[in-house]
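The values are calculated or read from the model by the stated rules, or taken from the named source; none is laboratory data. Owing to the predicted nature of the structure, the values given are computational and were not obtained by experimental measurement. Glycine gets a Cβ as well: all are built from the backbone with ideal geometry, and neighbour counts include every protein chain shown.
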Amino acid sequence: MIEKDELTQRKLLHLINGFYTQLENGEIPALLLPTRTKANIAYDDDAEVWVYGERESTRSAKTTRGAYQLLKTSYVVDFVNTQLKQAKSSTLRELYYISENWGLAKFGEQQESDRLIEDLEIVSELQREDFHIRPEEDGASILGPLRIREQTRRGTKIIHCQDDVGEAGYQVPCNVDALEFLEHDARLVIAIETGGMRDRLIENEFDEKFDAIIIHLKGQPARSTRRLMKRISEELKLPVAVFTDGDPWSYRIFASVAYGSIKSAHLSEYMAAPAAMFVGIRPSDIINYELPNDKLTDQDIRALHSLLSDPRFESEFWKSEVNLQLELNKKSEQQSLAKYGLDFVTDTYLPERLTEMGIL
Amino acid sequence: MAIAEELAKKQRAISVAEFFEKNRQILGFDSAPRSLITCVKEAVDNALDACEDASILPDIFVQVARAGDAFLITVEDNGPGIVREQIPRIFAKLLYGSRFHVLKQSRGQQGIGISAAVLYSQLTSGKPTKITSRISLNDPAHYYELIINTKVNEPEILVERTADWDRPHGTRIEMEIEASYVRGRRQSIHEYLKSTAIVNPHARLTLIEPDGNIMVFDRATDIMPPQPKEIMPHPDGMELGTLIKMLRYTERQKLVSFLMNEFSRMGRKTAEDICKDAAIDPGEVPANISHDQAKHLLGAFRKVRIQAPPMDCLSPLGEDQIYKGLEKEYDVDFISTTTRAASVHSGNPFIVEAGIAFGGSLPKEDRIEILRFANKVPLLYQQGGCAITHAISDINWKNYELNQSGGNGIPVGPAVVFVHVASTKVPFTSESKDAIADIPEIMNEIKLAVQEVARDTKNYLSRQKLLERRKDKEEIIKKILPKMVVKVSSILEKEEPDIRPVIAKIMGNVLVQREVTPKADGCFVSLKVRNFDEHARSFKLHELFKYEVLDAPGAKVMKVGNSTSLVWKVSLVPGEQKVLCYNIECSGTPELQAPIAEGIDEEVITGAKVV
């Protein structure tokens, strides 16, 4: 742990030294960063995930905007550096509030400081956990036949994620690298977008009937959740199924689990689980199961069009499903399966779909 | 009886009053709100013309009041007044006026306007129009109640008497009409008076609205516009029929004197040249000139160089007055105005003036507002059919930093464009004088005028941008960069580097850096001079000190009292660097003032004092 902190400090100081050298040589301080847009993500064949491409943009003190960014970067590095020296940690939100005292280097909104931390991750090839910076809450939970060992601040704990937990399941900690998988009886992992559907699966004992590890994504999954799925997928060699609503935002949730997200493409190799598969709801399900549905909003339609130009969705499957949805002008939620009764999803829909996909 | 004879019985002349009685839309009485504006406009135009003729600063009072279902319009001026016997004809006879046969700029021309308003009033309210006028303190005020006998187009006087009036001179007209009062849009009395105030900054206009609300458009200047003078027609653009008519009815006995006396800008030399070119004897009697010869004459008008018509028949507002007018009525950041030189269309001189008011509180997302004027009268209707609008739409506004979808049409942006066409004869598209016809000469001048002020606006904007960039740069070098240097150095626990080179680079400046190296017998001093600017720079660089110079290659060495001065002439292309050096006799570190630069602006050099 200490060694890792030293490495982090060295890398951050290296960055600051870059600024210093530029200033000393009479050059305008500047930082080269990959362009963080949809247009600049590329498929990494080895890791099978989407990472940033070749496009870079320069953040330079030539413009006020750039100069402020570099000033703030220096302040954040100073803060992180001090934090590492003192073996402390803080949350993204705390960092934002601490900047209150930084005068000109103060952040206007938390989004800005969060983004700067991501930039630091990119240039240093580290993760914010290495900076001892945590998200405010993670909240994801898992439930299933898996025994883990966690290094907590109060000693080592061994927990079975089915027997030793309540209905809420085992809470995923921020730093999942501190977890060790001891043993398991699972055949698959199923990640679920909404709480209502997670509860349905647990009530219907889906985890026990199908030896499944149920993970609750809670919307766009936190990093730790994604990292955990990646580890389970690779270390335990378990298939991962992602079960979401049938709308463009849910497809993005799947994409960030399976392919990596655009915002943190620099961490794709660390967090994306390329083996993850999309279970549904699929636009074709709306027709095939005659699911209750809602009309697409203008935002939905824009998001779907945006998916059509998203390199991560460039497969026949997604092209035809997205186009079909645009044609239908409809979307359905996971819970719409309840049309056929409360047990339909666990007894029929999921077993059929998972079998068809070769997971069961 | 033959049918033709039968029909002939029914045929009779129509009086002009009868004609307009039945075709009042021609004169701008086609809707209830518009009729009100037209009546007020005719009265106000007359008042302004009268004041101008008498060199009186206009003070015009307009009241619109409800009178049952109808409206009572009162317009009162402080003009010269009208002599008693003229009053009935001016107000109650159509096509009676003083300006029709005169070539000079004025608001009214045909003598239809006010009598048409009187006609409209008697048609819709059935009441006579009341006129009070007084020509001086020594004369009594005269009061009339008039209607027009439309059958014969003659005034009918219902009441005539002298009256008490508190004004020393002026005219007051009261008309009752059927109309409707609107507010809050371009076509309203309020907007009409606002525009009139812009274009007549020497006038004070007071409006009392039906609800009692009083609005005053005060003067922006006490200077009267110059009085236009009467002129002769100019040969440019003369039409054949007109020329033949002039030749037939002139009293001149010789062609050459006809040319010299009945045209403007025609001296003896020019007149003779024209006769020669047309191969007609200058002594020929004008009435004897044949049709063919008249054609030759017209041809000669085009070939022989004739001076442009005089401008003094026109009364443009002038750049200053337009500026004041716009400044008074709009809250904006920038105004540019222009008055073009005179041109001619169909023998009539004209002048185009334009102004643009930009920024401030004008809406950014709306189409620009176009203020159209002809002979100082605002044009409120038929914007889409007007040469002014067409000329503005033809301009590619992207060149002037305004948005225009598809490269034509009225652009979008925070701007008001003002155009005034002043002419001895403004070619309107109709009798109601709403829009100017697309005469190529006029269109072209409008375009040039508007482009001129648009160019000014663009220059202003790019200057603003430059200033902003400069301000940005100053924020970087004065606030952000120093903080960054402190932070970065403290993190690394290193000494703060000299950031003047970085500053020079950001500012695009010339940087002077001095380095002193002590040696056994004195000091070696070098001045590194580098041009970070994108322009070449030439200046003189001085060093002034009290030490003995050992050598200073390339420098002019001078003694100033007990000091020594070194002067170099430095010329640097963009990006170039030169090193100037010298050796001085001294012990220890020499005391040196900052180098002095001469012949360069302070803001483009860092590291030297500018004198």
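The single condition from (1) out of contact with any helix residue (DSSP H, G or I) (no Cβ under 6 Å at 6 or more places or on another chain); (2) not in a helix (DSSP H, G or I) that A:GLU112 fails is (2). Inside the stretch A:72-118, can you point out the residues that are more than 14 Å from chain B (Cβ to nearest Cβ), free of Cβ contacts under 8 Å to residues at least 40 places away in the same chain, aliphatic (A, V, I, L, M) and surrounded by fewer than 20 Cβ atoms within 10 Å (Cβ to Cβ)? The answer is A:ILE98, and nothing else. Looking for something touching a Leu at 6+ places or on another chain (Cβ under 9 Å) and not hydrophobic (A, V, I, L, M, F, W, C) - is there at least one such residue anywhere in the stretch A:97-110? For the stretch A:97-110, residues touching a Leu at 6+ places or on another chain (Cβ under 9 Å) and not hydrophobic (A, V, I, L, M, F, W, C): present. Applying the criterion of at least 2 residues that are surrounded by fewer than 16 Cβ atoms within 10 Å (Cβ to Cβ) to the strands (runs of 3 or more DSSP E) found wholly in the stretch A:122-187 leaves A:146-152, A:155-160, A:179-184. Among the residues of the stretch B:392-439, those that are part of a loop (DSSP other than H, G, I, E, B), without any contact (Cβ under 8 Å) to a residue 24 or more places away in the chain and surrounded by fewer than 20 Cβ atoms within 10 Å (Cβ to Cβ) comprise B:ASN396, B:ASN408, B:GLY409.
Among the conditions (1) at pLDDT 90 or above; (2) surrounded by fewer than 19 Cβ atoms within 10 Å (Cβ to Cβ); (3) in contact with a Lys or Arg (Cβ under 8 Å, 6 or more places away or on another chain); (4) under 23 Å from B:TYR96 (Cβ atoms), the only one that B:ASP139 does not satisfy is (3). Just one of (1) out of contact with any Phe, Trp or Tyr (no Cβ under 9 Å at 6 or more places or on another chain); (2) within 12 Å of chain B (Cβ to nearest Cβ) fails for A:ASP45. It is (2).
Scanning the stretch A:217-231 for residues being closer than 18 Å to A:ASP207 by Cβ and without any contact (Cβ under 8 Å) to a residue 60 or more places away in the chain gives a total of 1.
When the stretch B:272-298 is filtered for residues that are of a type in the set (Gly, Ala, Ser) and closer than 14 Å to B:MET238 by Cβ, the ones remaining, listed by number, are B:ALA278, B:ALA294. Beta carbons closer than 6 Å, at least 6 apart along the sequence or on distinct chains, pair a first residue in the stretch B:361-377 that is over 19 Å from B:ILE395 (Cα atoms) with a second that is among the acidic types (Asp, Glu) for B:SER361/B:ASP331; B:VAL377/B:ASP45.
From the list B:GLY81, B:GLY97, which one is surrounded by 19 or more Cβ atoms within 10 Å (Cβ to Cβ), touching a Lys or Arg at 6+ places or on another chain (Cβ under 7 Å) and part of a loop (DSSP other than H, G, I, E, B)?
B:GLY81
Looking at the stretch B:76-126, which of its residues are of a type in the set (Phe, Trp, Tyr) and at pLDDT below 80? Answer for the stretch B:76-126, where residues must be of a type in the set (Phe, Trp, Tyr) and at pLDDT below 80: B:TYR96, B:PHE100. Within the stretch B:354-377, being modelled with pLDDT of 95 or more and in contact with a Pro (Cβ under 6 Å, 6 or more places away or on another chain) holds for no residue. Quick check, is B:LYS483 within 9 Å of chain A (Cβ to nearest Cβ), over 49 Å from the mean Cα position of the chain (by Cα), modelled with pLDDT of 90 or more and assigned to a helix (DSSP H, G or I)? Answer is yes for this residue. Among the residues of the stretch A:11-35, those that are within 12 Å of chain B (Cβ to nearest Cβ) and under 18 Å from A:ARG128 (Cα atoms) comprise A:LEU12, A:LEU13, A:HIS14, A:LEU15, A:ILE16. Only one entry in B:GLU475, B:GLU493 is more than 30 Å from B:ALA116 (Cα to Cα), modelled with pLDDT of 90 or more and within 12 Å of another protein chain (Cβ to nearest Cβ), namely B:GLU493. A:PHE181 falls short on exactly one of the conditions (1) among the aromatic types (Phe, Trp, Tyr); (2) more than 18 Å from A:MET271 (Cβ to Cβ); (3) away from chain B (no Cβ under 14 Å), and that condition is (2). Within the stretch B:176-189, how many residues are touching a strand residue (DSSP E or B) at 6+ places or on another chain (Cβ under 7 Å) and not β-branched (Val, Ile, Thr)? So the answer is 4. For the stretch B:47-61, check the following and say yes or no: at least one residue is out of contact with any Cys (no Cβ under 9 Å at 6 or more places or on another chain), among the hydroxyl-bearing types (Ser, Thr, Tyr), at pLDDT below 90 and within 26 Å of B:LEU314 (Cβ to Cβ). No, there is no match, as no residue in the stretch B:47-61 is out of contact with any Cys (no Cβ under 9 Å at 6 or more places or on another chain), among the hydroxyl-bearing types (Ser, Thr, Tyr), at pLDDT below 90 and within 26 Å of B:LEU314 (Cβ to Cβ).
Of the helices (runs of 4 or more DSSP H) that lie entirely inside the stretch A:267-341, those containing 1 or more residues that are closer than 30 Å to A:ARG187 by Cβ, out of contact with any Phe, Trp or Tyr (no Cβ under 8 Å at 6 or more places or on another chain) and touching a residue at least 40 places away in the same chain (Cβ under 8 Å) span A:268-271, A:283-288. Looking at the structure I just gave you, is B:SER490 in contact with a strand residue (DSSP E or B) (Cβ under 6 Å, 6 or more places away or on another chain) and either surrounded by fewer than 17 Cβ atoms within 10 Å (Cβ to Cβ) or assigned to a loop (DSSP other than H, G, I, E, B) (or both)? Considered against the rule, which asks whether it is in contact with a strand residue (DSSP E or B) (Cβ under 6 Å, 6 or more places away or on another chain) and either surrounded by fewer than 17 Cβ atoms within 10 Å (Cβ to Cβ) or assigned to a loop (DSSP other than H, G, I, E, B) (or both), B:SER490 comes out as no. Can you find a residue in the stretch B:451-467 that is under 25 Å from B:ALA608 (Cα atoms), touching a residue at least 60 places away in the same chain (Cβ under 8 Å) and either under 43 Å from the mean Cα position of the chain (by Cα) or within 11 Å of chain A (Cβ to nearest Cβ) (or both)? Looking through the stretch B:451-467, none of the residues is under 25 Å from B:ALA608 (Cα atoms), touching a residue at least 60 places away in the same chain (Cβ under 8 Å) and either under 43 Å from the mean Cα position of the chain (by Cα) or within 11 Å of chain A (Cβ to nearest Cβ) (or both). Counted as qualifying within the stretch B:1-71 are the helices (runs of 4 or more DSSP H) with 2 or more residues that are surrounded by 13 or more Cβ atoms within 10 Å (Cβ to Cβ), namely B:16-22, B:32-53. Being aromatic (Phe, Trp, Tyr), within 14 Å of chain B (Cβ to nearest Cβ) and out of contact with any Lys or Arg (no Cβ under 9 Å at 6 or more places or on another chain) is a description that applies to A:TYR68. Candidates B:ASP521, B:ASP498: the one that is facing chain A (nearest Cβ under 10 Å), charged (D, E, K, R) and either in contact with a strand residue (DSSP E or B) (Cβ under 9 Å, 6 or more places away or on another chain) or over 30 Å from A:HIS14 (Cβ atoms) (or both) is B:ASP498.
Considered as a group, the residues in the stretch A:33-58 that are surrounded by fewer than 19 Cβ atoms within 10 Å (Cβ to Cβ) and of a type in the set (Lys, Arg) include one that is modelled with the lowest pLDDT, and that residue is A:LYS38.
Scanning the stretch B:505-514 for residues that are out of contact with any Lys or Arg (no Cβ under 7 Å at 6 or more places or on another chain) and either at negative phi or facing another protein chain (nearest Cβ under 8 Å) (or both) turns up B:LYS505, B:ASN509, B:VAL512, B:ARG514.
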